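Trainee: Here it is: the structure, laid out below.
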Amino acid sequence: MPGAPERAPGIWSVDPLPENAALVAPCYLGKNVSVGAGATVGPHTALLDNTAVGEGAMVQRTIAEGASVG
């Protein structure tokens, strides 16, 4: 993904990967993304800049910039 290093196989993230969340490849995390503990992101998911995923949420589609889910 342009502008984001691959931090794990199939997972690109501008910022360091969140702890205590499951990231399922392939997925992309933009800058300033917050992922709560126990959340699952992916596969085939993009979290655009400034998004937030709540604790325990499951996200399996792209989330628009600035949005909040879960």
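The values are calculated or read from the model by the stated rules, or taken from the named source; none is laboratory data. Because the structure is a prediction, the values reported are computed rather than measured. Note that we place each Cβ from the backbone using ideal geometry, even for glycine, and neighbour counts take in every protein chain shown. Heads up: the accessible areas ignore ligands, DNA and RNA and are worked out on the full protein's heavy atoms, side chains in. Shrake-Rupley method; radii C 1.70, N 1.55, O 1.52, S 1.80 Å.
Trainee: State which residue pairs qualify: first residue of a type in the set (Ser, Thr, Tyr) and inside the stretch 1-26, second residue assigned to a strand (DSSP E or B) and surrounded by fewer than 13 Cβ atoms within 10 Å (Cβ to Cβ) in any location, beta carbons under 8 Å apart, and separation of 6 or more residues or different chains.
Mentor: Partner pairs satisfying both residue conditions: none exist.
Trainee: Something else: Go through the stretch 1-23 residue by residue and tally those that are within 16 Å of PRO43 (Cβ to Cβ) and of a type in the set (Asp, Glu).
Mentor: 1
Trainee: Answer with yes or no whether LEU47 is farther than 13 Å from GLY70 by Cβ and at pLDDT 95 or above. Talk me through it step by step, then tell me what you get.
Mentor: Numbers: farther than 13 Å from GLY70 by Cβ: no; at pLDDT 95 or above: yes.
When the stated conditions are applied, LEU47 does not pass them.
Trainee: Same structure again: Just checking: which of the strands (runs of 3 or more DSSP E) contained wholly in the chain hold 2 or more residues that are open to solvent by 40 Å² or more (accessible area, probe 1.4 Å)? Explain how you work it out, then say what you get.
Mentor: Details: elements: 6-8, 11-13, 27-29, 45-47.
Fully inside the chain and qualifying: 6-8.
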